[in-house]
Structure formats: structure tokens, C-alpha cells
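Notes to accompany the following structure.
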Amino acid sequence: MKVLTKNTDYAIRALLSLGSANGGYLSARSIAGEQDIPYQFLRRLLQEMIRHGLVVSKEGAGGGFMLARNPHDIRVRELIEIFQGRVQVSECLFRKQICANRARCVLRHEIMRIEQVVEREFDNITIGKLLGDLEAANARSAHGCISSASTAGNGKDMKHETTGKTRQ
């Protein structure tokens, strides 16, 4: 089970770069370089985000890409749905066919409950929140005091995902 695909991860990282630009335009080349995202791959993601009203673009000198919305209004759940579809823990497939017991399956009802919890949690995470988390993590590392919570791999430290310097 994949929680986030490469498309969603790269889209989040691109939006974090754009959010850090404080309302300015960034070129796709600069985002690709900063986030270590293949340029042509990023261009396709940016076009999809333009189509969904998350990003705007401007051609010419001083142009590039910019957030179309407040970063606090862009939810990770929305990005997941754009690039992956609905959050699903299980598709209830058995040998590539929908399970005949699906309607009566008590496990499926629990899985659906878990999916709702996961959806709510991803709905609570915004690009603005991640920008704040990144800023706090950068401030901690600049002062040489990284807390154990940010190094424990609990998903709260987005540094590896946002700098593009360290790969999973």
C-alpha cells in the first residue's frame, strides 16, 4: 500500500517551493533544481496543478509559476485526490475480481472507517502548515538542536521531502 505516490510527493515539494517564494514567480527549472525533480516530469505536474486552480503561470521575463491560492487553503488531501484518486487502504479485490463478500465483510467496514480517518488527517495538513513545519525545522537545524521527534521518521519532519537533498 502506497500512501503517497511520486506524483503527489513531487507536487507537494513544488508547492512548498512556490509557497516559499512569498507571492513571487519561480521558473520550473529553479523548482526542479531546488527540489531535485526531473524537469519534464515537473512541467507535467505544474500543468495539472494549473488545471485544478492551484498554480498560475506567466510567460516572459520575470515569469514562471506562482501559487494561485493561499497555501493554508491547499490541502494535502486535495493533492492526493488529483494525482492518485481517493485515499484507499484496500480495493477489496481477490484475484483481480471484486470480492463477492464485500457487502457483508466486517473487515471492509473497518477499512472504510480507517480510510475516513486518514482522509480527515490529510485534510488537516495544508501547504501552509507544511511551510511552517519546514521553517521551524530549518530554524532548529540552524541552531544545532534537532528534536528527536523530527528525526524519528514520524512524518512530521518534511525536511527530506522538501529539500530534495536526501532521498528516501
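Worth a mention:
- Between S27 and F65, the built amide H atoms are under 5 Å apart, and every one of these is 5 or more places off in sequence or on another chain.
- Per-residue SASA entry for R75, accessible area with 1.4 Å probe, Å² rounded to 10: 90
- Compared with the direct C-alpha span, the chain from F41 to S141 gains 33.0 nm at full extension, assuming 0.36 nm per residue.
- Residue-level accessible surface for D9, protein heavy atoms, 1.4 Å, Å²: 30
- Amide H partners (placed H, <5 Å) of V55, local residues excluded: I50, A68
- Whole-number D in µm² s⁻¹ for segment 6-134, Kirkwood Cα-pair radius fed into Stokes-Einstein, 20 °C, 1.002 mPa s: 132
- For segment 55-70, the Karplus equation 6.51 cos²θ - 1.76 cosθ + 1.60, evaluated at θ = phi - 60°, returns couplings of 9, 10, 10, 9, 8, x, 4, x, x, x, 10, 8, 4, 8, 10, 4 Hz by residue, with Gly and Pro reported as x.
- Taking θ as phi - 60° and the Karplus parameters 6.51, -1.76 and 1.60, the scalar couplings of segment 80-85 work out to 4, 5, 5, 9, 10, x Hz in sequence order, x denoting glycine and proline.
- Estimated dipole of segment 30-142 in Debye, rounded to 20 [Cβ of Lys and Arg +1, of Asp and Glu -1, Cα centre]: 560
- The modelled label-to-label distance between A21 and S57, using points 7 Å beyond Cα along the C-beta direction, is 1.2 nm.
- When Y39, Y10 are compared by accessible area of protein heavy atoms, the largest-first order is Y39, Y10, using a 1.4 Å probe.
- Amide hydrogen neighbours beyond the local backbone of I125, cut-off 5 Å, H modeled: V76, R77
The values are calculated or read from the model by the stated rules, or taken from the named source; none is laboratory data. This one's a predicted model, so the numbers in the text were calculated from it and none came from an experiment. All Cβ positions, glycine included, derive from the backbone under ideal geometry; neighbour counts span all protein chains shown. Please note that ligands, DNA and RNA were not included when accessible areas were found on the heavy atoms of the full protein model with its side chains. Shrake-Rupley method; radii C 1.70, N 1.55, O 1.52, S 1.80 Å.
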